[in-house]
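Asks: Take a look at this one; I'll ask things after.
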Amino acid sequence: MGNACECQRIETVHEDSATSSPAVQPLVGKSKHQKSSFSPSSNNLTEKNMAAVSSSSSKASPSNSSTIVPQLTEDDLDTEDERDDDDVVEDMPQPSESYMSRAKNRQSVSAEAYGEWNKRKKFVAPVYPKTEEQKERINKTIENSFLFSALDVEDLETVVDAFQEVPVKKGTVIIRQGDDGDRLYLIESGYVDVMKTFPGEKGDKFLCKMGPGDAFGELALMYNAPRAATVIAADDMQLWALDRDSFTNIVRDAAAKKREIFEESLKEVPILKDMDPYERSKLSDALKTESYEAGDTIIKEGESGDTFYILLEGEAEAVKNDKVVMHYKKGGYFGELALLKDQPRAATVRALTHVKVAYMNRKSFKRLLGPLEQILMRNQDNYRKAMQQLGLDTKYLDK
């Protein structure tokens, strides 16, 4: 079958009837792996290729083997550090039938529901021993993933520590289509074959081969859905596994916190104040983060710019003609005019301390929400005021 892998898009995870099954969101492109080394790249763990193997309701067994292959079980993963599920949830009465019915059909990415009926104890992430080299390899892979993009440095270190090393023998079924999933996996060495059974067809279909630096199994954790495909070890392998509790308490909660912070910041931007909650939510999810050190230039006067920034940490200042014209603290924003039109930067903004910013360019904004003018025109008075504050001509509004 070769080392190259090319999985075509089959079907995205979506809400559907009880009789249909969400299928695989596949890897994209062709990736060639060196079997002797772990070689993470920016394409190894992205929104597209991470959707390769996680949520389906039909079960499958590999058809390319004449013998019964071993199934990877909980005992293969847990050591003396094993934690009981009761450490997270206790005294949880049975939710109502209507709630369970809604939950069964819902497959959007969201945090678990907690309340009086489902109280969460303080979570302490597990720590599994690793060499510094192993930590660096894991970190390089996950830092390029949208899934972990909301994590700060401290949370990222916690996640790396929580990955557990799992040796796997050739022929082992690591995950099976239709099973409930409680872990995502990162490949350290070796290869896996990804197989899937489709409704109305007999036997399994080979989808692709995955190797060092690739990850699989995350959709079952993101969407609380069954596994979308069967993954079988093609070699003796070394995997890293991240359990559901660590994923939920660190990764998903960080994403929810990030969205809340970003949405509150977006409400303060005059030219964005007329966005509805759904639009703000979409925009928040698409914002990326970047850090600068004291003295670094974030934007430069006179240069063409298409990126808008929100200051999340630290302090910065705007300088025009060698004079400080604005001081920014946490929650401040600049470059918003870049979302409206392409014109040179009006001032230079540089970091006074270590700063962290959230940012988005005009192209991404338009792809998500369309031209900003359409949002601004919902309230022409606000639009006029925003234009005036930015020093733009408003004469055409009176035509």
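Asks: Sorted by mean Cβ packing within 10 Å, highest first, what order do the peptides 349-355, 290-296, 244-250 take? Display every interim value, and only then the final one.
Replies: Details: 349-355: 18.4, 290-296: 13.1, 244-250: 20.3.
Taking the mean over residues of other Cβ atoms within 10 Å, the ranking is 244-250, 349-355, 290-296.
Asks: Give a residue-ordered list of calculated ³J(HN,Hα) values for region 253-265 (Karplus: 6.51 cos²θ - 1.76 cosθ + 1.60, θ = phi - 60°; whole Hz; x for Gly, Pro).
Replies: Residue by residue, region 253-265 yields 5, 5, 5, 5, 5, 4, 4, 4, 5, 5, 5, 5, 5 Hz.
Asks: Add +1 for every Lys or Arg and -1 for every Asp or Glu among the other residues with Cβ under 9 Å from the Cβ of residue 285, and state the total. Write down the numbers at each step before the final one.
Replies: Details: positive: 258, 259, 282; negative: none.
Summing Lys/Arg as +1 and Asp/Glu as -1 gives +3.
Asks: Work out the FRET efficiency for residue 122 and residue 306 from their Cβ-Cβ distance, taking R0 = 41 Å, and round it to the nearest 0.05.
Replies: Details: r = 43 Å, r/R0 = 1.06.
That pair, residue 122 with residue 306, gives E of 0.40.
Asks: Residue 363: net charge of surrounding residues, Cβ under 14 Å, Lys/Arg +1, Asp/Glu -1, itself excluded? Show your work: numbers first, answer last.
Replies: Working: positive: 288, 341, 362, 366, 367; negative: 306, 342.
Neighbour charge sum, excluding residue 363 itself: +3.
Asks: Given the Cα-Cα distance of residue 152 and residue 353 and 0.36 nm per residue of separation, how much length would full extension add, in nm?
Replies: 70.6 nm
Asks: Distance from the Cα centre of region 346-373 to that of region 243-299, in angstrom?
Replies: Centre-to-centre distance over Cα atoms comes out at 12 Å.
Asks: Across region 236-247, in residue order, what do the Karplus-derived ³J(HN,Hα) couplings come to in whole Hz, using 6.51 cos²θ - 1.76 cosθ + 1.60 with θ = phi - 60° and x for Gly and Pro?
Replies: Rounded to whole hertz, the list is 5, 10, 10, 10, 10, 10, 10, 7, 4, 4, 5, 4.
Asks: Under the 0.36 nm per residue contour assumption, what length would be gained going from the current alpha-carbon distance of residue 374 and residue 323 to full extension? Walk me through the numbers on the way to the answer.
Replies: Working: separation 51, 0.36 × 51 = 18.36 nm, distance 3.51 nm.
Contour length minus Cα-Cα distance gives 14.8 nm.
Asks: With label points built 7 Å along Cα→Cβ from the Cα atoms of residue 136 and residue 294, find their separation and express it in nm.
Replies: 2.8
Asks: Residue 315's amide H: which non-local residues (gap 5+, or another chain) put their own amide H closer than 5 Å, with H modeled 1.01 Å from N in plane and none for Pro or chain starts?
Replies: 352, 353
Asks: In whole Hz, what ³J(HN,Hα) sequence does region 220-225 give by Karplus (6.51, -1.76, 1.60; θ = phi - 60°), x for Gly and Pro?
Replies: Values, residue by residue: 4, 7, 5, 10, 6, 10 Hz.
Asks: Right, here's the next one. What are the residues whose amide H is under 5 Å from the amide H of residue 172, where those residues sit 5 or more places off or on another chain and H is modelled from the backbone?
Replies: Result for residue 172 returns 233.
Asks: Something else: Enumerate the amide H contacts of residue 298 below 5 Å, restricted to partners 5 or more residues apart or on another chain; note that Pro and chain-start residues carry no placed amide H.
Replies: Amide H neighbours of residue 298: 349, 350, 351.
None of the figures in this text is laboratory data; all of them are computed from the coordinates on show. Just so you know, these numbers come straight off a predicted model, no measurement behind them. Methodologically, a virtual Cβ is constructed for each residue, glycine included, from the backbone with ideal geometry; neighbour enumeration extends over all protein chains shown.
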